[in-house]
Amino acid sequence: MDSLQDPASLLSSQNLDAFWMPFTANRQFKQRPRLLESAEGMYYRDVDGRPILDGTAGLWCCNAGHGRIEIAEAVSRQISHMDFAPTFQMGHPLPFELAERLAEIAPPGLDRVFFTNSGSESVDTALKIALAYHRARGEGTRTRLIGRELGYHGVGFGGISVGGMVNNRKAFSVQLPGVDHLSHTLDLERNAFTRGLPEHGAELAEQLERLVTLHGAENIAAVIVEPMSGSAGVILPPKGYLQRLREITRRHGILLIFDEVITGYGRLGAPFAAQRWGVTPDIITTAKGLTNGAIPMGAVFVNRIIQDAFMHGPQGMIELFHGYTYSGHPVAAAAALATLDIYARDGLLQRALELEDYWQEALHSLKGLPHVIDIRNTGLVGAVHLASRDGAPGSRGYDVFEECFWQGVMVRCTGDIIAMSPPLIAEKEHIDQLVEVLGRVIAKTA
């Protein structure tokens, strides 16, 4: 097929059956496809040439916007120079350079970096490191993992086990044993329409003490939470909640893992949520914004004390029997280095703080529209929570999501929650367009 064929004619001649789409109602989608053909700056264009304002940074990943020539050129240079090199018992310079650059923006102490290819791989890597760390220290009984309701930690068996989104695991009968969950922090009765972090709910962290009593601290390896739950619909931590989790885990020798696949790389106005909210975990998982979505890559930040626990025994011994063929891939590393350059040059890791107040006021202007039961925001991320239709949960959110697309704005729906996370290059006029279209569509579909 001619690669220069007109996009619209390409669609009309293309069979959509072969691609089994992820996290998609395939039959529904293929009846009226929403196909994106190009992207630049804040906008996609669909196959009909219509501009679509990106209200979600792709899939929480294109933090620096689209069409960044610096990233494209870095990828092109690297793939022409060296397309692949192994990092098993071999090496090449770029992942070492990238790890150093990442350590410079990480919370203090989290300066050891293990590279993956996705958020799911980052989570499974973090869980394995946590288990192996305790074993290396002679505390091999610490095998239990604790997640949280409504948490999303990717789609590996480790991630769906510690995750708390039921649909992600109910069809799969095999999960990790010895996993427990904290309650989620969504409290519409006490916290609806809060601007920023909610006032109520820090006491929910105390549930961890109950689980310690139930299972014994000597049997618990790690607690993993998203500082802010993104995929569940922008569920924010109550003030003091993360600090309390940190206190409890530290007292009982339990590792604290922050899943920052969504919140990492500037989404909340700091490199990581850990810095924005002043809580330093033992491990941070990342992906998405690391390469601005250009090339799949993830990175797990580990406290150096954890890595040091593995560095005993004969020097020729492999310390951690874990890794991926593409860990530290040269082309992905080149994309990540170019992305970090853009973040630093354009101040994008702090940009969300500059826009936060304007973003907050714009979102909360939607209060009072039909069926809007909550609005949540922090940094440059927000959600409009809609009441569910009787007998058809999720249908109202989907209708709003789909109509927004045809009205020229891309948002996400998680059930009846509309989630937004525009690229960090957004200007006030983009926020105005996003909120104006969303408000109009909510009123229309009520």
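The values are calculated or read from the model by the stated rules, or taken from the named source; none is laboratory data. This one's a predicted model, so the numbers in the text were calculated from it and none came from an experiment. As a convention, Cβ positions derive from the backbone with ideal geometry for all residues, glycine included, and neighbour counts pool all protein chains shown.
Observations on the model:
- For the stretch 68-97, a residue qualifies if it is surrounded by 13 or more Cβ atoms within 10 Å (Cβ to Cβ), under 30 Å from Arg412 (Cβ atoms) and not charged (D, E, K, R), and the qualifying residues are Ile71, Ala72, Ala74, Val75.
- One residue from Ala344, Ala334, Ala338, Ala362 being in contact with an Asp or Glu (Cβ under 9 Å, 6 or more places away or on another chain) and under 30 Å from Thr87 (Cβ atoms): Ala338
- Answer from Thr56, Thr87 - the residue that is within 29 Å of Asp341 (Cα to Cα), β-branched (Val, Ile, Thr) and assigned by TED's automatic domain parsing to the domain that holds Gly119: Thr87
- Scope the stretch 375-403; condition in contact (Cβ under 8 Å) with a residue 60 or more places away in the chain and either under 25 Å from Gly266 (Cβ atoms) or touching a Gly at 6+ places or on another chain (Cβ under 9 Å) (or both); matching residues: Ile375, Arg376, Asn377, Thr378, Gly379, Leu380, Val381, Gly382, Ala383, His385
- Here Ala232, Ala221, Ala217 are screened, and the one residue that is among the small types (Gly, Ala, Ser), within 26 Å of Thr125 (Cβ to Cβ) and without any contact (Cβ under 8 Å) to a residue 40 or more places away in the chain is Ala217.
- Pro198 vs. criteria part of a loop (DSSP other than H, G, I, E, B), surrounded by fewer than 24 Cβ atoms within 10 Å (Cβ to Cβ), in contact with a Pro (Cβ under 9 Å, 6 or more places away or on another chain) and modelled with pLDDT of 95 or more: yes
- Count - residues of the stretch 276-324 that are within 24 Å of the chain's Cα centre (by Cα) and not in a helix (DSSP H, G or I): 26
- Residue count for the stretch 133-157, restricted to those that are touching a Gly at 6+ places or on another chain (Cβ under 6 Å), part of a loop (DSSP other than H, G, I, E, B) and touching a residue at least 60 places away in the same chain (Cβ under 8 Å): 6
- Tabulated pairs, the stretch 346-360, first within 11 Å of Gly266 (Cβ to Cβ), second of a type in the set (D, E, K, R) and part of a helix (DSSP H, G or I), C-beta under 7 angstrom, 6+ apart or interchain: none
Condition check ((1) assigned to a loop (DSSP other than H, G, I, E, B); (2) in the same structural domain as Phe23 (by TED's automatic domain parsing); (3) closer than 20 Å to Thr378 by Cα; (4) touching a strand residue (DSSP E or B) at 6+ places or on another chain (Cβ under 7 Å)) across all residues:
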{"position": "Ile160", "(1), (2), (3), (4)": "no, no, no, no"}
{"position": "Asn167", "(1), (2), (3), (4)": "no, no, no, no"}
{"position": "Ala171", "(1), (2), (3), (4)": "yes, no, no, no"}
{"position": "Leu186", "(1), (2), (3), (4)": "yes, no, yes, yes"}
{"position": "Arg190", "(1), (2), (3), (4)": "no, no, yes, no"}
{"position": "Glu203", "(1), (2), (3), (4)": "no, no, no, no"}
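- Single unsatisfied condition, Gly391 versus (1) out of contact with any helix residue (DSSP H, G or I) (no Cβ under 8 Å at 6 or more places or on another chain); (2) of a type outside the set (S, T, N, Q); (3) on the phi < 0 side of the Ramachandran plot: (3)
- Only one of Leu145, Leu182 that is over 18 Å from the mean Cα position of the chain (by Cα), surrounded by 16 or more Cβ atoms within 10 Å (Cβ to Cβ) and either aromatic (Phe, Trp, Tyr) or under 20 Å from Thr286 (Cβ atoms) (or both): Leu145
- Only a single item in (1) modelled with pLDDT under 95; (2) surrounded by 14 or more Cβ atoms within 10 Å (Cβ to Cβ) is not met by Asp17, and it is number (2).
- Residue pairs meeting the criteria (Cβ under 8 Å; at least 6 apart or on separate chains; first basic (Lys, Arg), in the stretch 87-108; second in a helix (DSSP H, G or I)): Arg101/Leu337; Arg101/Leu340
- Filtered residue count, the stretch 17-68, keeping only those that are basic (Lys, Arg), over 18 Å from Leu290 (Cα atoms) and part of a loop (DSSP other than H, G, I, E, B): 3
- Qualifying residues in the stretch 113-128 (those that are hydrophobic (A, V, I, L, M, F, W, C) and crowded, with 24+ Cβ neighbours inside 10 Å) - the one farthest from Ala103 (Cα to Cα): Leu127
Here's the yes/no breakdown for (1) surrounded by fewer than 23 Cβ atoms within 10 Å (Cβ to Cβ); (2) assigned by TED's automatic domain parsing to the domain that holds Asp83:
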site: Ala334; (1), (2): no, yes
site: Tyr358; (1), (2): yes, no
site: Thr378; (1), (2): no, no
site: Gly382; (1), (2): no, no
site: Gly391; (1), (2): yes, no
site: Glu402; (1), (2): yes, no
site: Ser421; (1), (2): no, no
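- Residue match in the stretch 276-293 (condition: surrounded by fewer than 24 Cβ atoms within 10 Å (Cβ to Cβ), of a type outside the set (Gly, Ala, Ser) and either without any contact (Cβ under 8 Å) to a residue 24 or more places away in the chain or more than 17 Å from Leu204 (Cβ to Cβ) (or both)): yes
- Number of positions in the stretch 212-234 that are outside any strand (DSSP E or B) and small (Gly, Ala, Ser): 6
- Which numbered condition Phe321 misses (of (1) farther than 28 Å from Leu98 by Cα; (2) among the hydrophobic types (A, V, I, L, M, F, W, C); (3) free of Cβ contacts under 8 Å to residues at least 24 places away in the same chain): (1)
- Selection status of Asn26, buried (at least 20 other Cβ atoms within 10 Å of the Cβ), at pLDDT 95 or above and of a type in the set (S, T, N, Q): no
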